[in-house]
1. When the stretch A:72-111 is examined, which residues are found to be among the small types (Gly, Ala, Ser) and farther than 20 Å from A:Ala189 by Cα?
2. Only one of (1) under 22 Å from B:Lys142 (Cβ atoms); (2) surrounded by fewer than 20 Cβ atoms within 10 Å (Cβ to Cβ); (3) within 8 Å of chain A (Cβ to nearest Cβ) fails for B:Cys100. Which number is that?
3. Of everything in the stretch A:101-117, what is surrounded by fewer than 24 Cβ atoms within 10 Å (Cβ to Cβ) and either of a type outside the set (Asp, Glu) or under 18 Å from the mean Cα position of the chain (by Cα) (or both)? Give them in sequence order.
4. Considering only the stretch B:1-30, state which residues are within 10 Å of chain A (Cβ to nearest Cβ) and within 19 Å of the chain's Cα centre (by Cα).
5. Can you list residue pairs whose Cβ atoms sit under 6 Å apart, with the first residue in the stretch B:62-86 being more than 10 Å from chain A (Cβ to nearest Cβ) and the second being β-branched (Val, Ile, Thr) and assigned to a loop (DSSP other than H, G, I, E, B)? Count only pairs 6 or more apart in sequence or on different chains.
6. Mind checking which residues of the stretch B:37-52 are at negative phi and at the interface with another protein chain (Cβ under 8 Å from one of its Cβ atoms)?
7. Being surrounded by fewer than 16 Cβ atoms within 10 Å (Cβ to Cβ) and within 14 Å of chain A (Cβ to nearest Cβ) narrows it down to one residue among B:Arg124, B:Arg157, B:Arg152, B:Arg148; which is it?
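Read the figures in this text as sums done on the coordinates, not as results from a lab. Note that the structure is predicted; figures quoted are calculated from it, not measured. Cβ coordinates were reconstructed from backbone atoms using ideal geometry, including for glycine residues, and neighbour counts include every protein chain displayed.
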Amino acid sequence: MAPNPSRKRQSRRGAAQSGMSLSMENGIHYHLPETVSEAVGLLARHGAAARALAGGTDLVPALKLGILGARHLVSLRRVPGLRDIALDGDRDVVIGALATLRAVATSPLVEHACAALAEAAGRTGSPLLRNRGTLGGNVCLDTRCWYFNQSEAWRASRDRCQKAGGARCHVNERENRCVALFSADTPAALMVAGARVELAGPSGMRWIGIEALYSGEGRAPLALAPGEIVTRIRIPKPLAGWRTAYVKHAVRESIDFPILGVAAGVELAPDGTIHAARVAVTGARSAPVRLPEVENAVGGRRLADVGDGDLARIATRALGPLFLSDAVPHKRLLAGLMTVDALARAAGEDSGRRRS
Amino acid sequence: MKRLIQLTVNGQAHDLVVTPVGTLLDVLRDDLGLTGAKRGCDLGACGACTVILDGRPVNSCLTLAVEADGSDVATIEGVAAPGRLHPVQEAFAVHGAVQCGFCTPGMVLVTKSLLDECPEPEDRQIREALSGNLCRCTGYVKVLDAVRAAARRLRAREGVR
């Protein structure tokens, strides 16, 4: 049984002292493995009932709201080496999944390899959250929805939604398909960087491109095999002339998930011609997404030769239908403007433009 | 299943029995009687529960106590000797940066942590450091005044030594 938040008001101590019911407290098991193989063994053994625990800044609220859907927490904090940020030879930057967002945001290695990643990490949550929250946790952030990330009492007022195991989606009623939003900041930057992630599972290690990590499904946003966890993230050495930027718009700049986040990377010739570009958006769908239409539109041209208005329209069109926004037309407009801003900042042509 | 953990809180070691889902905030307030860290939103958005965990300010409401095993915790109760005020606390009082006081312990700890690391912060850095701590009474102007004053005061004190 999930917790009933109203009990917290009735009793200051006892069962509800942490905002969780007794049944919840008794039902949760905590595991503290010392190696990756021990961790993935535990995760595989308990299957859907287990969840890996990194910084906990997303997991603990889910636990308190009774939406975690797991009874076994497998802490990764004792597993050695997962906090390191290091150069692999003189080439790629390899970041352990448990490196804090603060460590990523302030790392000179990350700044040099992908400025957009340092920026996205530095704009995730608040400084307090970044001191606990990790890059791996952010990359594996669960999708969110108005009808899901709510207290038990709130959710009890209607049918369980699909993400909570029910039959209906209360947002996308027409298609009846869960459209919970993926709202982590760093994956957009990682897509632009061409990052790869190391997955450890019961059958060993494998590396995949960051884009392959995401299923696109609101219900289960990560395309992980049973027992698999993200252990490391690799940022390839940037090409000469490669520059990146991340632009974020949130209700409260200081703390919120993005309404939209746009990362852009451009390979710039000395005369300002963009040889190649990458653009990725977070906060729009159930996964972070690349916008190839925009990338193709700027490739081989100078940004000034592509009209801002045209570019914004291409970005808006590329985004497709949007859900879970107070004002969908506004968000569509925003996506266009932010794409232009992100590309302009990456290309160093942002003077006189918004800095958000 | 309950677990035994060890925490050093304000310099004093404690052995504690905790449940897997108990937070550091629960342990501080309910087991150790240290009620300076407040339960505000309980979801990591307000910063009222801020404590310094192994040298860095964090939301204690989002930190599972089992995850803090072996850590060093500093709370508002430990920033000054009993009956005395830390220069940051004094600056908050003098500059009227306290109204209801609910956010104040968190703000003081974040400020102390900022000034320990960066004795001469620019306004931009002060705003950034405090951006995870919400105040619903005074607004933030007097808080900024207090942080600037505390920085001056601490620098002057360092200079005297």
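1. Across the stretch A:72-111, the qualifying residues are A:Ser75, A:Gly81, A:Gly89.
2. (3)
3. A:Arg102, A:Ala103, A:Ala105, A:Thr106, A:Ser107, A:Pro108, A:Leu109, A:His112, A:Ala115
4. B:Thr23, B:Leu25, B:Asp26, B:Val27, B:Arg29, B:Asp30
5. Here the result reads B:His86/B:Val79, each pair linking the stretch B:62-86 to a residue that is β-branched (Val, Ile, Thr) and assigned to a loop (DSSP other than H, G, I, E, B).
6. Hits for the stretch B:37-52 are B:Leu43, B:Ala45, B:Thr50.
7. Just a single option satisfies the conditions, and that option is B:Arg124.
Quick grid of which residues meet (1) part of a helix (DSSP H, G or I); (2) in contact with a helix residue (DSSP H, G or I) (Cβ under 9 Å, 6 or more places away or on another chain); (3) surrounded by fewer than 21 Cβ atoms within 10 Å (Cβ to Cβ):
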{"site": "A:Pro321", "(1), (2), (3)": "no, yes, yes"}
{"site": "A:Ser325", "(1), (2), (3)": "no, yes, yes"}
{"site": "A:Pro329", "(1), (2), (3)": "yes, no, yes"}
{"site": "A:Ala344", "(1), (2), (3)": "yes, yes, no"}
